[in-house]
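Got a structure for you, written out below as structure tokens; questions coming shortly.
None of the figures in this text is laboratory data; all of them are computed from the coordinates on show. Since this is a predicted model, take the numbers as computed values, not measurements. Neighbour counts are summed over all protein chains in view; Cβ atoms, including those assigned to glycine, are modelled from backbone coordinates with ideal geometry.
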Amino acid sequence: MAQVSLKNIKKSYDKTEIIGDLSVEIEDKEFVVLVGPSGCGKSTLLRMIAGLEDITAGKITIGERVVNNMQPKDRNIAMVFQNYALYPHMTVYKNISFGLRAAKLSKADIKKKVNEAAEILELTDLLDRKPAQLSGGQRQRVSMGRAIVRDPQVFLFDEPLSNLDAKLRATMRAEIKKLHQTVKTTIIYVTHDQVEAMTLADRIVILKDGEIQQIGTPMDLYNKPVNKFVASFIGSPEMNFITNADGITLGIRPEDIYLADNAPTLEKTRTIAATLILQEPMGAETLLTADYDGTTITVKAPGTVNLAVGQAIRLLLNVGNGHLFDKEGIRV
Amino acid sequence: MSNNKGLTVGQKRAIWAWLFLVIPIVYFIIVRFYPTFDAFSMSFTDWNIIGERNYIGFDNYVTLFNDPVFWVVLGNTFEYLLFGIPISLLLSFTIAYYLDQIKFGHGLLRACYFVPFLTTAVAMAWVWRWFYQPVPIGIFNLALGELGILQMDFLRSTTQALPAVLMPAIWAGLGFQIIIFLAGIRSIPDSYYEAAKIDGAGDRQILWEITLPQLRATITFIVITSSIGFLRIFDQVYNMTQEGEGGPLNATRPLVIHIYKSAFEDFEMGMAAAQTVVLFTILMVITLLQLKVMKKDG
């Protein structure tokens, strides 16, 4: 069992507070993604769980043990770094077996474990290569191999995909998900990419300025964002916000806005007149950017659309799927 | 078409580059390369600095290799190298390794280690020469006396003189090597150490499997530069031994002093040139060997 519990965690450097009183309970075998814009404290939080940074106050428990003052090696965790942290002078085999050699396992045991990990990650043919001879995706897999051979209670991932190109990122995302299903270990995963968060997580923790904004399943966050920050962070393209004279904001996602002439029948709707300022065909859909009384509205229209930029258009908002926020940006 | 008249941008750039390089190139050819090549031809003559240069074939080399003193000198030169390199490498790495880990007083300590590198070798050699004197002048013998240990001869002993001369030579180069090691250590990404810490590696495994292999290029550089330095040792020996002879009984005399004495005391320029060629060959072979060894699976 390896639940991870963070209780009233605080972190400050000198007088600058990075994280102020944060608590999260992570279940055994759960895949939790910490997501937020850069500088929100998510990497610091991960590094504190790893033991690479001290905590200023609070209590971190992994499994049954309080690990506050434990060395990283005694916490029974493994970490995958953004830059992979592979040792360039060692072969893939040596890299993967590094931690096992540190644990003074017998040669035969090391070989068995490395081969198993290589099998899972399809690295068997690459074991004699050096990191410089590998592609970005292969390096990423080696660094995951180094983590899984140690059979840790918790995996920590620190933005593992951000050095890869978009296509590879999608592939590796799927591999990480598969990996979680195979090894069934608690995973804490840090990213700034909401797509990664949505696709990978059992639960997402959204952070901003060192504070938790919301914790929930991806669909919770998508359907019931507690504030404007979460609403705009989750979903792509971003949610549209239309504020009325009383300061109440209607948040509505681009996929809930239709061209009025081409809209399905819906229960609660509102029609607005806007001017088209940009048209981006994506193939399966077209992104339209329109100006509505000084507010920029993004619309995700299915298929191909043939309109002229500058043209007046009428948009139908599916208000039934909208979200209302008060002046402070809190959901009402 | 008239558009193609004149030079391309690339050609113009190359011409400018060469224009700027002309002066250093001319300088190097006249002041460095010509004398170097001249030394090779001089080594086959009996030139005595004022007379004719008569070609005498390999006579200088034959005389040289039959001279027992030359072999003693060559032996001394290699002793400087074989003791100097490991000792200075071990010292400078150890100091740099621990200096890197401290924050308080880091700059001051680093400056202290670097000062000898900036100081004139002659002045340092004389200070050390005094250190090695018998009581009441020499502090080493004073210290030994205080501890009730027998006095040492140091520079007057045929066995202790060479290590005694080597000490300040190592000390003088230490600051430079420490700075280079520090730069090398600092360029190793932190994430390597963090990953190692999480994987449970101890200090030993981190040192042998991460730090040292990552410093391969740094070590190569230091070994090559300091090899050249020790093989060319001169100032310390010249200033710490009687009349700069490299005594007692040639016990500290290195090849460069031998060359100097042949050329400017005995005026046997041809013989001195032959010795220079020998030194040149040794330096080149050692450097190439080191480069090759260090490059292997690097």
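Report the calculated FRET efficiency for residue A:223 and residue A:56 (r = Cβ-Cβ distance, R0 = 45 Å), to the nearest 0.05.
Given R0 = 45 Å and the Cβ-Cβ separation, E is 0.80.
Quickly rank A:42-51, B:280-289 as a protection proxy: mean count of other C-beta atoms within 10 Å, highest first. Don't jump to the answer; show the numbers that get you there.
Values: A:42-51: 23.1, B:280-289: 13.1.
Going from most to least packed, we get A:42-51, B:280-289.
Would you calculate the convex hull of the Cα atoms in the range A:4-229 and tell me its volume per residue in Å³?
Dividing the Cα hull volume of the range A:4-229 by its residues yields 127 Å³.
What's the exposure ranking of A:249, A:269, going from fewest to most Cβ atoms within 10 Å?
Taking fewest neighbouring Cβ atoms as first place, the list is A:269, A:249.
Per residue of chain A, what 222 nm ellipticity follows from adding -39500 (n - 2.57) for every DSSP H run with n ≥ 4, rounded to the nearest 500?
Using -39500 (n - 2.57) per qualifying helix, the result is -7500 deg cm²/dmol.
Between the range A:202-281 and the range B:1-67, what's the alpha-carbon centroid distance in Å?
76
Using only atoms on other chains, find how many Cβ atoms lie within 10 Å of each Cβ of peptide A:40-52 and report the average.
For peptide A:40-52, the averaged partner shielding equals 1.
Of B:16, A:77, B:135, which is farthest along the charge dipole of the protein assembly as shown in the positive direction, counting Lys and Arg as +1 and Asp and Glu as -1 at C-beta?
It is A:77.
Additional query: Per-residue Cβ counts within 10 Å, from other chains only, averaged over B:186-198: what number is that? Intermediate results must be reported in sequence, preceding the final value.
On the way: counts 0, 0, 0, 4, 3, 9, 6, 2, 9, 17, 7, 8, 18.
Taking all residues of B:186-198 together, the mean is 6.
While we're here: Which one, B:287, B:183, A:176, projects farthest toward the positive side of the charge dipole computed for the protein assembly as shown from Cβ point charges (K/R +1, D/E -1)?
A:176
When DSSP assigns beta bridges and you keep just the ones with both residues in chain A, what percent turn out antiparallel, to the nearest 5?
75
Within the set A:42/A:208; A:59/A:178; A:184/A:208; A:94/B:292, which residue pairs have Cα atoms separated by over 20 Å?
Too far apart for the 20 Å limit: A:59/A:178; A:184/A:208; A:94/B:292.
Put a dot 7 Å past each Cα toward the Cβ at residue A:133 and residue B:27; how far apart are the dots in nm?
4.5
Can you order the peptides A:191-202, B:37-48 by their average number of other Cβ atoms within 10 Å per residue, highest first?
Going from most to least packed, we get A:191-202, B:37-48.
Ok, one more. Run the dipole for the protein assembly as shown about the Cα centre, Lys and Arg Cβ at +1, Asp and Glu Cβ at -1, nothing else charged, and hand back the magnitude in debye, nearest 20.
700
Which whole-number percent gives the relative contact order of chain B, counting Cα pairs below 8 Å spaced six or more residues apart? Could you put the intermediate results ahead of the total?
Working: 307 pairs, mean separation 81.9, N = 298.
This gives 27 percent for chain B.
In whole Hz and in residue order, list the ³J(HN,Hα) couplings for the range A:183-198 that follow from phi through the Karplus curve 6.51 cos²θ - 1.76 cosθ + 1.60, θ = phi - 60°; x for Gly and Pro.
Calculated HN-Hα couplings, in order: 8, 6, 10, 4, 10, 10, 10, 9, 7, 9, 9, 5, 5, 4, 4, 4 Hz.
Separate question: Using the Cα centre as the reference, give the magnitude of the dipole from point charges on the C-beta atoms of the range A:237-325 (Lys, Arg: +1; Asp, Glu: -1; all else neutral), rounded to the nearest 20 debye. All intermediate terms of the calculation are to be shown ahead of the outcome.
Working: 5 positive and 10 negative charges, 25 e Å.
Taking the Cα centre of the range A:237-325 as origin, the dipole is about 120 debye.
Can you show me the helix-derived [θ] at 222 nm for chain B, built from DSSP H runs with n ≥ 4 at -39,500 (n - 2.57) apiece and divided by the number of residues, rounded to the nearest 500.
Details: 14 runs with 198 residues, N = 298.
Rounded to the nearest 500, the figure is -21500 deg cm²/dmol.
Hey, another quick one. What FRET efficiency comes out for the pair residue B:109/residue B:193, r = Cβ-Cβ distance, R0 = 22 Å, nearest 0.05?
Here the calculated transfer efficiency is 0.50.
Among the aspartates and glutamates, which have Cα under 19 Å from the Cα of residue A:111 when same-chain residues fewer than 8 positions away are ignored?
Straight-line reach from residue A:111, under 19 Å: A:119, A:122, A:125, A:128, A:151, B:199, B:209.
In addition: Over all residues in A:99-108, what is the mean tally of Cβ atoms on other chains that come within 10 Å of each residue's Cβ?
Per-residue shielding by partner chains comes out at 3.
As an exercise, identify the trypsin sites (Lys or Arg not before Pro) in the range B:243-298 lying in DSSP coil whose Cβ has no more than 14 other Cβ atoms within 10 Å.
Here the sparse-neighbourhood loop sites are B:296.
Check residue A:240: other-chain or 5+ apart residues with amide H under 5 Å from its amide H, H built from backbone geometry?
A:252, A:253
For the range A:267-332, run through the GluC sites (Glu not before Pro) and keep only the ones in DSSP coil with at most 13 other Cβ atoms within 10 Å of their Cβ.
A:267, A:328
Rounded to the nearest 0.05, what FRET efficiency do residue B:288 and residue B:135 give with R0 = 56 Å and r taken as the Cβ-Cβ distance? Could you check?
Once the sixth-power term is evaluated, E becomes 0.70.
Taking 0.36 nm per residue of sequence separation and subtracting the Cα-Cα distance, how much length would be gained by fully extending the chain between residue A:296 and residue A:246, in nm to one decimal? Intermediate values should be presented prior to the final figure.
Working: separation 50, 0.36 × 50 = 18.00 nm, distance 1.92 nm.
Answer, rounded to one decimal: 16.1 nm.
Sorting B:28, A:98 on the 10 Å Cβ count, fewest up front, what's the list?
With the fewest neighbours first, B:28, A:98 line up as B:28, A:98.
How large is the charge dipole for the range B:84-223, taken about the Cα centre, if only the Cβ atoms of Lys, Arg (+1) and Asp, Glu (-1) carry charge, to the nearest 20 debye?
In total the dipole reaches around 300 debye.
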